[in-house]
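Remarks on the structure that follows.
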Amino acid sequence: VSCGLPSLWPLLPTRPGDHQWLARMKSSHVTVGVVLIGLNMLFFGLIRTSTSPVTKQQLLSSSIRSRVLAPKFISKFPRVHLESKNFYTNGRHDSKRCLASGVHSLRTAAIATKAVSHLGSNQLSIWSFNLRSDFNAEKDGEDRWDARKDGVVEMLSRYNPDIIASQELIAQQVTYLGDHLSGYEFEGCCRLGSDADEYCAIFYKKDKFDVVDGDTVWLSETPEEPASIGWDAMYPRIATWSVFKFKSTGALVTVISTHFDHQGIEARKRSAGLLKNMVKRLQEEFPESPVMLCGDFNSIKADNEVYRTLTTGEGALVDAWDTAAEREDGGWKRSTMHKFKGTEFDGCMGDGTVELCRIDEPTIMPTASNGKEHIDWILYTNAKAGQVNVKPLKSSVVIDTLPSGRYPSDHFPVKTDVHIAA
């Protein structure tokens, strides 16, 4: 043990805030805590047996570091925390007990790591975020992209999502985020088939996923035709899809990002049917991959044919907001579109023909986090083959402001933390 300890010292942070390497292991909090307790016990035991003052000082320093960090990872698990606390406070710090307990803790951690590695590695945090196009800089004034972009990067870096399904960004915005969001790459094209218009770009962590396949299709009668306009839509509308493979486990997940037309009522209805059929085709092509459909649907959920088409009948998708074990809305019960007014927004109309209030009670503020007035959704369906299922853990509406006090977009992003269970 003493021969191996010097190689462990550099791994221990010099202060509690210096543990980015541990933050990456957030899905294995108990394991990390047990490892640290085990190391602390080993260090303490060796302090008792060592005769070298230098070695004692090094062991004491490492012991303190491991003990300081351990509670951060096990405090949420009362039984483990209580047992470790009792060990430190009951006065039985003899070297034999420390060494034996340390070895036992490390063996337990090794078993726990194996047990939770699959769970942690198949977890992902996914966002759907309409980030407001930079086409209207003069109209947007204080809310123009140039005034928001640094704050957007800061916010996304702070939350650190695994996948960001974006809508409405144009080329320079996509490029800016690609250059300034550390560790991300993106997939997707734009609705004119060139760099001159809006994307539904999907940003993903390049150290977590490989891209298996992907494409962009148009929400029209001719989905393969770039720039094609469907039905009564005002603009070409698109859906970008990518199949991602977890590097750690090989598990697949398909993500779609889309943006429905703000004007064409018929176009929104037909687009829903088109996407439902597209999900079915993707399931047939990648039967082991669940599908997650993210987007700005320009439709509330309450009494709306677009939502009904996607979530009922054969091939129905499931709303992650409804099935998440936990929901968080920051106290905001209304639409995810707010026109840069944030929680002060009280309107019932979005752009074009988009209604933002429930038809049956347009003037009543909802009292439950039922999400029925959201126009930004995350839907999903399980894999067609096998037992690969999506398990939403927590769904949220993010109502954060930027350091300037303004909002990052005229939409609140929605996010869902899920586990892809095999």
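The values are calculated or read from the model by the stated rules, or taken from the named source; none is laboratory data. Values in this document were obtained by computation on a predicted structure and should not be read as measured data. Note: ideal-geometry Cβ built from the backbone for every residue, glycine included; neighbour counts use all protein chains shown. Protein only, heavy atoms only, side chains kept; ligands, DNA and RNA dropped before computing areas. Shrake-Rupley method; radii C 1.70, N 1.55, O 1.52, S 1.80 Å.
Quick one: with all protein chains in place, what share of the accessible area of the stretch 234-372 is carbon or sulfur, to the nearest percent (1.4 Å probe)?
Carbon and sulfur together cover 47 percent of it.
On a straight-distance basis, which aspartates and glutamates could pair with Lys206 in a cross-link, Cα separation under 15 angstrom, same-chain partners fewer than 8 positions away excluded?
Output for Lys206: Asp162, Asp179, Glu185, Glu187.
Using the per-residue mean of other Cβ atoms lying within 10 Å as a proxy for protection, in what order, highest first, do the peptides 273-284, 157-168 fall?
Put in order of decreasing packing, that is 157-168, 273-284.
Shape of the stretch 276-422 from its Cα gyration tensor (a ≥ b ≥ c, root eigenvalues): rounded if a/c is under 1.5, otherwise prolate when a/b > b/c, or oblate?
The shape class here is prolate.
Give me a comma-separated list of calculated 3J(HN,Hα) values for the stretch 162-168, in order, Karplus coefficients 6.51, -1.76, 1.60 applied at θ = phi - 60°, integers in Hz, x for any Gly or Pro.
7, 9, 10, 8, 9, 9, 6
With θ set to phi - 60° and the Karplus curve 6.51 cos²θ - 1.76 cosθ + 1.60, what are the ³J(HN,Hα) couplings of the stretch 258-270 in order, to the nearest whole Hz, using x for Gly and Pro?
9, 9, 7, 5, 8, 10, x, 5, 5, 4, 5, 5, 5
Tell me, what is the per residue accessible area of the stretch 371-417 in Å², probe radius 1.4 Å?
Accessible surface, normalised per residue, equals 32 Å².
If amide H atoms are built 1.01 Å from N in the plane of the peptide, which residues on other chains or at least 5 residues away come under 5 Å of the amide H of His338?
Amide H neighbours of His338: His411, Phe412.
By the gyration tensor of its Cα atoms, with a ≥ b ≥ c the square roots of the eigenvalues, what is the shape of the stretch 161-251: rounded for a/c under 1.5, prolate for a/b over b/c, or oblate?
oblate
Suppose all protein chains stay in the model; what accessible area per residue would a 1.4 Å probe give for the stretch 216-259, in Å²?
Heavy-atom accessible area per residue stands at 35 Å².
Using a cut-off of 15 Å between beta-carbons, work out the net charge of the residues near Lys269 (Lys and Arg +1, Asp and Glu -1, Lys269 not included).
-1
How far apart, in nm, are the 7 Å Cα→Cβ label points at Asp232 and Lys139?
Between Asp232 and Lys139, the label points sit 2.1 nm apart.
Given the Cα-Cα distance of Glu285 and Ser182 and 0.36 nm per residue of separation, how much length would full extension add, in nm?
My answer for the length gained is 33.9 nm.
Net charge near Gly342, counting Lys/Arg +1 and Asp/Glu -1 over other residues with Cβ under 14 Å of its Cβ?
Result for the neighbourhood of Gly342: 0.
Can you tell me how much longer the chain between Thr343 and Glu328 gets when fully stretched, taken as 0.36 nm per residue apart minus their C-alpha distance, in nm with one decimal?
Contour length minus the Cα-Cα distance gives 3.9 nm.
Show me, for the stretch 390-396, the HN-Hα J-couplings you get by feeding each phi into the Karplus relation (A = 6.51, B = -1.76, C = 1.60, θ = phi - 60°), rounded to Hz, glycine and proline as x.
Those phi angles translate into 8, 10, x, 8, 8, 10, 9 Hz.
Quick one: net charge of Glu225's neighbours, Cβ under 14 Å, K/R +1, D/E -1?
Summing Lys and Arg as +1 and Asp and Glu as -1 gives -1.
Restricting everything to alpha-carbon atoms, can you work out Rg to Rh for the stretch 210-344 with a Kirkwood hydrodynamic radius?
Using only Cα positions, Rg/Rh for the stretch 210-344 is 0.98.
Check Asn130: other-chain or 5+ apart residues with amide H under 5 Å from its amide H, H built from backbone geometry?
Answer set, sorted by chain and number: Gln167.
Give me the extension gain from Asp215 to Asp351: residue separation times 0.36 nm, minus the current Cα-Cα distance, reported in nm with one decimal.
Full-extension gain reported as 46.2 nm.
Output the pairs from Lys372/Lys394; Lys205/Lys394; Lys208/Lys269; Lys149/Lys208; Lys149/Lys372 with a Cα-Cα distance over 27 Å in this structure; if there are none, say none.
Beyond 27 Å: Lys208/Lys269; Lys149/Lys372.
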